[in-house]
Amino acid sequence: MKIGLIAMSGVRVRNAELASLGVTLPQFVSRGKVVASLPSLGLLTVAGLTPPGCDVHYREVAEISREDPLEPFDLVGISSFTAQIGEAYQLADRYRAMGVPVVLGGLHVSLMPDEAAAHADSIVLYGAEGAWPRLVDDFGRGRLQPRYEGLRAGVFERPHYAVPRFDLLAGRPYNRVTVQTSRGCPLNCEFCAASLRITSSYQQKPVDAAIAEIRAALAVRATSFLELADDNTFVNKKWGKAFLRAIAPLGIRWFTETDISIADDEELLDLLADSGCRQVLVGLESPDADGLDGLDPRNWKKARAGRYLEAIDRIQSRGISVNGCFIVGLDTHTPAVFEAVSDFVSRSGLLEVQVTVQTPFPNTPLYHRLAREGRLLEERPWDRCTLFDVTYRPKHMTVEELEGGLRWLFGQLYNEREFVKRKRHYMEIVKATMSRLV
Amino acid sequence: MGRGHIEAEVRALITDVARVDGSAIGRDEDLVERLGIDSLQGLQMLAAVEKRFALRLPDEDLVRLHTIGRIADLVERLQQRSDS
C-alpha cells in the first residue's frame, strides 16, 4: 500500500500592506521563515504509527504543482492548519476526483469535523494515536470508516505511542529538527487553538522516550539545532529538570516554548543554560496586568505581569534569549496598547519580539464568544486566520485602528536601529556568560 | 595577528558555536546558507569573536557579517586601527 502524507506548510499574510512590510522587516519574517521551514511533525508521527509493510511518502504542498498530474498513491493523508485549510480541501478534492481516497486530520479538522468531512473519505479527530493504525487496517480490508477518533490522553504510552519517522526527512533542506515532549497546556487561554484543543489534559512524554526521539531526529539531520514542538514544555518543573539533565550530554543547541514561570526557579534556569537551550518563546500577550485580565480562567498570566521585566532579565542573564510574544486587539486593549508594547520591548531587552493580532480560531472559546456578541467580520474567515489579519470587531478600537496600530508597531519594533539595539544587548549578555556558552 | 591567523581563530569559534567543522567552510561562503546558522547562532558567534579578539564590532556591521572573510577582514581592520 503506497501512502502519501502531505503537509500544508507555509505562513501567509492576506493583508497586502502587512505582507509588503514583512518583506522588508527582517525579524518579522525570520520567525515566520523558521516556522514555514519546519517539517510537519504530526505527519511524521502518523508515518511512525503506520503499520509495517506500507510504503509511506512525505510531501509538502509546495512540491505539488497546481497544473501537473498528481503523484499517484493508494491513500492520501493531509494535515493542515486553519489558514491553509481551503487549499487542503482543494487538494483533497483533486485526489478524490482521481479516485484516490483522502484522509484529513490535524487541528482544524478536529475543530471543524463536519466541514472537513465534506472533502474527505475519512477524517481523524484529535491525536493520530489510537486511530491511524486502525484506519490503515480498515482501509486494507476495504472497510474504511468515515470518522476515527484518536486518543486525547495517554498518547505517549505504549502501545499507542510511536517514534516519528524522521528518516523521511533525509535529503530535505531543514536547518532544524523538531521533537515533541508534551502536548496541551494547562493555562487554557481563551484564544488558544494549539494542542490543548486535541487533548483532555496536559500530556508529557517520559524523559527517556523524549531523549531517544531527539537522538533519532539528530541521526538523520546534519544539524545541531533542535526545536521542541511543544506549547508549554516546563509546566512540571521536576520533569523539566530531569529532562534538562538528560539532554545536556547531547551537546546540542535548542529552542522551545514555555511560560514565564521558569524564571521563578534558579536551578531550572541554570540547568536550561547548561543544557544548550538558547531561546525560549514565551507568550507575554500584553505588556501590563490590566491587559491580561480574563485571558485565562485563573488569571494566571495577569498575576505574573508585574514581574515580566525582572523575569526576562533573569532568563536572558543565563544567555538564553527570550522571544516575547504579544497579542494586540484583546478586549482590554485601547489604541494605547501599541505604544505600550513598543515601550515595554524597549525597556525589556528582549532579543526577539513577535506581535500578532488576536485571532478567533474555529470552535475556540474566543470564537464562540465573539460569534455570540456578533463581532465576527465573517462566519468562516479561515484563510485570514494568519495571526496578522483582523477577522473581528475589537472592543475598544475600530478594525482600522487595529490594523493601523499593528503597522505602526511593526515599524517601531522591526526597524534596523531597534533590531541592532536588541542584538547588541543580547551579545553583551552572551559575552558575560561566555564560559558557559562556548 | 595576521589575517591567516585571524581566519583560523574565526573558524575555531564557528566550530565551537555551531558545532560544525569550521575548517571546511570557504572564506566567502555565506554562513547562513552553508551551515543553516540562524540569527541566534550568528549573534553568539559574533559575541565570541568580540570576546576572543577583545574588540567591539561596529553595531552597523552586526547584520552584515555573513562570511568568514568579512569577519576576519573587519577584525584585522579594527586591530590595525587600535594599534595605530
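Taking the criterion of being hydroxyl-bearing (Ser, Thr, Tyr) and modelled with pLDDT of 95 or more, the only residue of region A:80-94 that qualifies is A:89. The criterion of at least 1 residues that are surrounded by fewer than 21 Cβ atoms within 10 Å (Cβ to Cβ) and modelled with pLDDT of 85 or more is met, among helices (runs of 4 or more DSSP H) falling completely within chain B, by B:3-18, B:39-53, B:68-83. The number of residues in region A:317-335 being touching a helix residue (DSSP H, G or I) at 6+ places or on another chain (Cβ under 8 Å) and assigned to a loop (DSSP other than H, G, I, E, B) comes to 9. Residue A:352 - would you say it is modelled with pLDDT of 95 or more, under 30 Å from residue A:420 (Cβ atoms) and in the same structural domain as residue A:424 (by TED's automatic domain parsing)? In short, no. Taking the listed residues A:147, A:176, A:197, A:172, the one that is of a type in the set (D, E, K, R) and modelled with pLDDT of 90 or more is A:147, with no other qualifying. Residues that are within 14 Å of chain B (Cβ to nearest Cβ) and crowded, with 16+ Cβ neighbours inside 10 Å number at least 3 in the following helices (runs of 4 or more DSSP H) confined to region A:391-438: A:416-432.
Being closer than 29 Å to residue A:364 by Cβ and touching a residue at least 12 places away in the same chain (Cβ under 8 Å) holds for only one residue in A:225, A:191, and it is A:191.
The values are calculated or read from the model by the stated rules, or taken from the named source; none is laboratory data. Fair warning: this is a prediction, and the values are worked out from it, not measured in the lab. Backbone-built Cβ (ideal geometry, glycine too); neighbour counts: all protein chains shown.
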